[in-house]
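Here the structure comes first, spelled out in structure tokens, and everything after it is commentary.
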Amino acid sequence: MSSSDHSATRVPASFSVSVADVELEADDLDPEQIVSGDPVVTGKVLWESADGKQVRGIWQITPGVVTDVEANELFVVVSGRATVEVEGGETLEVGPGSACVLREGDRTTWTVHETLRKAYHISY
């Protein structure tokens, strides 16, 4: 690869953040996803590829029960606890330090026991 080819590839600058301290922004939760409780979702995108196919960020949800259809995602829980039931698959118990992989198209039900904050990488 020539140096001109390399410069055409936009590589993000290296960075570090304290996941626990990043200020999050309100994120809409479709009311049809709420099964019970009054969960509130917040998040912050830290980086997104130019084509929008790779996203890295931080996401938080308060206690309640919600459903979702997942993207191809790897996340690590920083704080909180939840039970994630994958339709037709496993039931995952996640908490601080848990690394979790969700497959694109997985239909999930999240029972959030304690406000959960995670750092994630999604591939579309």
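The values are calculated or read from the model by the stated rules, or taken from the named source; none is laboratory data. The structure displayed is predicted, hence computed values, not measured ones. For neighbour counting, all protein chains shown are included, and Cβ atoms are generated from backbone atoms with ideal geometry for every residue, glycine included. Accessible surface areas use protein heavy atoms only, side chains included; no ligands, DNA or RNA. Shrake-Rupley method; radii C 1.70, N 1.55, O 1.52, S 1.80 Å.
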Legend entry - Cα pair distances of the stretch 34-82 binned at 10 Å [whole percent]: 20, 50, 26, 4
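222 nm [θ] for the chain, helices only, -39500 (n - 2.57) per DSSP H run of 4+, per residue, to 500? Don't skip to the answer; put the middle values down first.
Working: 1 runs with 6 residues, N = 124.
Roughly -1000 deg cm²/dmol at 222 nm, from the helical runs in the chain.
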Inset, instruction - Among Val22, Leu102, Gly43, flag the residue with its Cα farthest along the positive direction of the charge dipole of the chain, charges on Cβ as +1 for Lys/Arg and -1 for Asp/Glu. - result: Val22
Legend entry - Relative contact order for the chain, counting Cα pairs under 8 Å that sit 6 or more residues apart, in percent: 27 percent
Legend entry - Base-10 log of normalised Debye intensity for the stretch 64-119 (one unit scatterer per alpha-carbon) at q = 0.14, 0.21, 0.24, 0.29 Å⁻¹: -0.31, -0.73, -0.96, -1.32
Legend entry - Rg(Cα)/(2.2 N^0.38 Å) for the chain, N = residue count: 1.17
Inset, instruction - Could you look at the chain and say what percent of its accessible area is carbon and sulfur, using a 1.4 Å probe and all protein chains? - result: 48 percent
